[in-house]
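A.B. asks: I'd like to ask you about the structure that follows.
The values are calculated or read from the model by the stated rules, or taken from the named source; none is laboratory data. For clarity, every value in this text was computed on a predicted model and none was experimentally measured. Cβ sites come from the backbone with ideal geometry, for glycine too, and all protein chains shown count toward neighbours. Protein only, heavy atoms only, side chains kept; ligands, DNA and RNA dropped before computing areas. Shrake-Rupley method; radii C 1.70, N 1.55, O 1.52, S 1.80 Å.
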Amino acid sequence: IISAAHGISVYKGLPSISELDSLYSLSEQTTDAMIAHTRYPTGSSPLAVRAHPYSFGNVAIVHNGDVTSYRSNLNAVESLLAEMYYRSGGDDVAAFLKEVKKSWVGTDSEVISTMLYLLLKSQIVSDSTLSIPEIVEVLTSPRSNQLTKLLRGSAERMRKEDLLARFAGFGLDGPVSALSLIADEGSTSLLAFRDRKDRK
């Protein structure tokens, strides 16, 4: 399965990487960066369409772990996509959402890549864009007990609370770690992040 997005090509399959290489001549391609995953998807049935990497727009992602917040993340993504569609002049939000829901293949990877893309495009629903650290802060949102350690009314606490309220439902709960490839206007970035669960 091959798909292409803005500046990104995605090759999916369940055979070995050497078999994929012989099918698509991956080793002969010129690129700025590449991410790959060598595990079958385990949270759902192992179909090629559900294999990593997954992309949305100019964002591709691979991850390990189990996104236990999948349902709330999916609801938040669909809500923000509907808002963006409406703000761009779309008139039949219900029909638009029906088409969006038909496109999901049922993996947490597609939701993570979509959240990351929407956060990168945050100026569509906000007066300002988010920095990469703010995007990671939203995706790996601090728990309430971490916020309470900040002084009530302090600028930092108010900033965090505002950010998390604006993108409610985008926080990943895991355990999950992710690696993302972002192709944006001639530049390529790799971004790695994980949930905030304490590990010993």
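A.B. asks: Is there any pair linking a residue in segment 10-39 that is over 17 Å from Ala51 (Cβ atoms) and touching a residue at least 24 places away in the same chain (Cβ under 8 Å) to one that is outside any loop (DSSP other than H, G, I, E, B) and of a type outside the set (D, E, K, R), with Cβ under 7 Å and at least six apart or on different chains, and which?
C.D. replies: Sorted first by the residue in segment 10-39, then by its partner, the pairs are Asp32/Thr188; Ala33/Leu181; Ala33/Thr188; Ala33/Leu190.
A.B. asks: Of the residues Leu74, Leu80, Leu163, Leu172, only one is within 16 Å of the chain's Cα centre (by Cα), closer than 17 Å to Phe193 by Cβ and not basic (Lys, Arg); which?
C.D. replies: Of Leu74, Leu80, Leu163, Leu172, the one residue that is within 16 Å of the chain's Cα centre (by Cα), closer than 17 Å to Phe193 by Cβ and not basic (Lys, Arg) is Leu172.
A.B. asks: Please go through segment 62-76 and pick out each residue that is free of Cβ contacts under 8 Å to residues at least 60 places away in the same chain and open to solvent by less than 40 Å² (accessible area, probe 1.4 Å).
C.D. replies: Leu74
A.B. asks: For segment 79-109: of the residues being small (Gly, Ala, Ser) and farther than 20 Å from Ser69 by Cβ, which is least open to solvent (accessible area, probe 1.4 Å)?
C.D. replies: Step by step, filter segment 79-109, then rank; the result is Gly90.
A.B. asks: Also, quick follow-up: Does Val100 fit the bill of being without any contact (Cβ under 8 Å) to a residue 24 or more places away in the chain and either among the polar types (S, T, N, Q) or farther than 30 Å from Pro175 by Cβ (or both)?
C.D. replies: no
A.B. asks: Which of the helices (runs of 4 or more DSSP H) found entirely inside segment 88-184 contain at least 3 residues meeting this: within 16 Å of Val77 (Cβ to Cβ) and among the aliphatic types (A, V, I, L, M)?
C.D. replies: 93-103, 108-120, 132-139
A.B. asks: Being over 23 Å from Gly186 (Cβ atoms) and among the aliphatic types (A, V, I, L, M) is the filter; apply it to segment 37-61 and report the residue that is most open to solvent (accessible area, probe 1.4 Å).
C.D. replies: Among those that are over 23 Å from Gly186 (Cβ atoms) and among the aliphatic types (A, V, I, L, M), it is Leu47.
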